[in-house]
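We did not get these values from a lab; they are worked out from the coordinates using the rules stated. All of these numbers come straight from a predicted model, not from anything done at the bench. Every residue, glycine among them, receives a Cβ derived from its backbone with ideal geometry; neighbour counts consider all protein chains shown.
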Amino acid sequence: MSRGCFTDPMPKKLEDPKTPMYYTVVKEGTGAFASRGTQAHIFYTCSYRDGTLLESCYETGDTLSFIVGVNHVPAGIDLATHGMRIGEIRRATVTPFMGLRRKYPEYMSRDSVLIYMIELMDVREDPVEVEARMIQEELDRAEQAARDAGTWIEEDVPHVDDLPMREMKD
C-alpha cells in the first residue's frame, strides 16, 4: 500500500495549502492512466470519517463517468482519480473545500471531511480532445513544412479575444 499527497499542478482555485487532498493506494492498478482530458469511469463510495456511508454507485451498478480535469465532479474526486491506473483503488481523504458540489443532498453536511473509495474501471480518450490534438498536430506539420520551404511569414495576428466586439442585432 502506498501513500501520497496530490502534488501535480492544480488549477488556481485549488492551490490553497489549507485544502489538501490525501490518498492511499489500496490496490495497485495495471491498466492505462487517467489523465487530464481522458474520460474516466469509476465506482466510488463516499462516507464520513466515522464510516457513515453517504453515497455509493456500487449499489446501482452504474459507473460515474467524467472528463478528468474539467470540473465535472467535486475537485476531490477529480484530483484523486488523476494518475490512477485501470484497476487501481484509492482511498482519498477530502477536505470540505475539495468536496464542494453545486447541490448538496439533504443528508450531506457541507463542512465535513469526506472519505472517497475510488476504483478506476476504464479510461477512454475524449473524442473532442483527440480531434483537437489531431488538428493541432496537422497545423504544426503545415507550419513546419512552410518554414522548411521558406514560405512561412511571421505576422502579429490578433487573438480573437483582442478583436473589437460588435453588438448582435435581432
Can you tally the net charge around residue 135? Count Lys and Arg as +1, Asp and Glu as -1, for every other residue whose Cβ sits under 12 Å from the Cβ of residue 135.
-3
In the neighborhood of residue 42, defined by Cβ-to-Cβ distances under 14 Å, what is the net charge if each Lys or Arg adds +1 and each Asp or Glu adds -1?
-1
The long-range amide H neighbours of residue 21, using H built 1.01 Å from N in the peptide plane and a cut-off of under 5 Å, are 6
